[in-house]
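The structure appears below as structure tokens.
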Amino acid sequence: MIEMGAFVECGAAAISASAGVLAYAVRVPSCTMLAPSVCKGATTRAAIALTFDDGPSESTPELLEILGGYGVPATFFQCGANVRRLPQVAREVVAAGHEIGNHTETHPILCFKSTDFIFHQLAAAEMTIEQATGVRPRLFRAPFGVRWFGLRQAQQRLGLTGVMWTTIALDWKWPEHRVIPRLLNGAANGAIFCLHDGRRLQPQPDISVTLRTVREVLPKLMERGFHFERLTEILCPTKN
Ligand SMILES: [Zn+2]
């Protein structure tokens, strides 16, 4: 999830250090100064990648049902703490054919954190997710989209590729009548949509907007000729 508070906090510090460029590097999805990250898939196919952050949650199985009904694969950036709370749900995500990425252990804002802190957040989530699901994530998404010094090295040590997005759904704060057109407008070859099947570490979060949005958007995009790929596939330019 993204909150403007995080942006203002990071941005203000960056500007007071007379490094406006830093604010850009911390938050702009396409900037790779602080850590390499990709924010767009191959544009040679009419493919979109759905990504869901902050899970697993008690409502993730309902999302899996919707995706399964359309035969749509997705990528889930899970927090280690949520996986420890709901390991069975994390396993259901994998069993349904989806991909799991790393979204840190406890969803902290990484700005102003030490290199050690950042490494341990990523490493702990790798271990938690692998122990629960048998899958070791290869993809990473920073909480709040905020990257910081030390993240590059942490990603390298753990073999993680950072992934941002082309459209962030704002599904944690907007009603679906605003989220749905936002996603429909963002549809394009290689688009990466960022939605949320949890709300940070909150137990039993209300993700009804997300669920209603997915139900409505999937058939509309398929009618327009799009299909859906997991991140690993959409990031591969040579896949047929
Ligand atoms: Zn998040």
>> So Met127 passes all but one of these: (1) surrounded by fewer than 19 Cβ atoms within 10 Å (Cβ to Cβ); (2) touching a helix residue (DSSP H, G or I) at 6+ places or on another chain (Cβ under 6 Å). Which condition number does it fail?
In response: (2)
> Do you know which residues across the stretch 119-136 are free of Cβ contacts under 8 Å to residues at least 40 places away in the same chain, within 16 Å of the ligand (Cβ to nearest atom) and out of contact with any Phe, Trp or Tyr (no Cβ under 8 Å at 6 or more places or on another chain)?
Replying inline: Gln121
>> Looking at the stretch 180-206 only, could you name the residues that are within 16 Å of the ligand (Cβ to nearest atom) and either among the hydrophobic types (A, V, I, L, M, F, W, C) or farther than 25 Å from Ile109 by Cα (or both)?
In response: Ile192, Phe193, Cys194, Leu195, Leu201
> What number of residues within the stretch 152-179 satisfy the criterion of being aliphatic (A, V, I, L, M), within 15 Å of the ligand (Cβ to nearest atom) and under 15 Å from Leu34 (Cα atoms)?
Replying inline: 2
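Within the stretch 210-225, can one find any residue that is open to solvent by 20 Å² or more (accessible area, probe 1.4 Å), part of a loop (DSSP other than H, G, I, E, B) and either touching a residue at least 24 places away in the same chain (Cβ under 8 Å) or hydrophobic (A, V, I, L, M, F, W, C) (or both)? Write out each step before concluding.
Initial filter on the stretch 210-225 (open to solvent by 20 Å² or more (accessible area, probe 1.4 Å)): 212, 215-216, 219-220, 222-225.
This time we only want the ones that are part of a loop (DSSP other than H, G, I, E, B), so: 224-225.
Checking the rest, the ones that are also either touching a residue at least 24 places away in the same chain (Cβ under 8 Å) or hydrophobic (A, V, I, L, M, F, W, C) (or both) come to 224-225.
Yes, some residue in the stretch 210-225 is open to solvent by 20 Å² or more (accessible area, probe 1.4 Å), part of a loop (DSSP other than H, G, I, E, B) and either touching a residue at least 24 places away in the same chain (Cβ under 8 Å) or hydrophobic (A, V, I, L, M, F, W, C) (or both).
When you go through Thr104, Thr43 one by one, which is the residue that is out of contact with any strand residue (DSSP E or B) (no Cβ under 6 Å at 6 or more places or on another chain) and within 17 Å of His196 (Cβ to Cβ)? First the steps, then the outcome.
Details: Thr43 fails: within 17 Å of His196 (Cβ to Cβ).
Criteria check complete, one pass: Thr104.
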> Which condition number in (1) of a type in the set (D, E, K, R); (2) closer than 13 Å to Asp53 by Cα; (3) open to solvent by 60 Å² or more (accessible area, probe 1.4 Å) is the one that Arg138 fails?
Replying inline: (2)
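Can you tell me which residues in the stretch 64-87 are outside any loop (DSSP other than H, G, I, E, B) and within 15 Å of the ligand (Cβ to nearest atom)? First the steps, then the outcome.
First, the residues of the stretch 64-87 that are outside any loop (DSSP other than H, G, I, E, B): 64-70, 75-78, 80-85, 87.
Correct list: Thr75, Phe76, Phe77, Gln78, Gly80, Ala81, Asn82, Val83.
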> Quick one: in the stretch 18-47, which of the residues that are open to solvent by 60 Å² or more (accessible area, probe 1.4 Å) and not in a helix (DSSP H, G or I) is modelled with the lowest pLDDT?
Replying inline: Ser18
>> Restricting to the stretch 207-220, name every residue that is more than 14 Å from Leu86 (Cβ to Cβ) and within 16 Å of the ligand (Cβ to nearest atom).
In response: Val209, Thr210
> Are any of the residues in the stretch 155-169 assigned to a helix (DSSP H, G or I), modelled with pLDDT of 95 or more and under 18 Å from the mean Cα position of the chain (by Cα)?
Replying inline: yes
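The values are calculated or read from the model by the stated rules, or taken from the named source; none is laboratory data. Small disclaimer: the values here were computed from a predicted structure and weren't measured. Quick reminder, even Gly has a Cβ in these numbers, built from the backbone with ideal geometry, and neighbours come from all protein chains shown. Quick note on the areas: whole protein, heavy atoms, side chains included, nothing else; ligands and nucleic acids left out. Shrake-Rupley method; radii C 1.70, N 1.55, O 1.52, S 1.80 Å.
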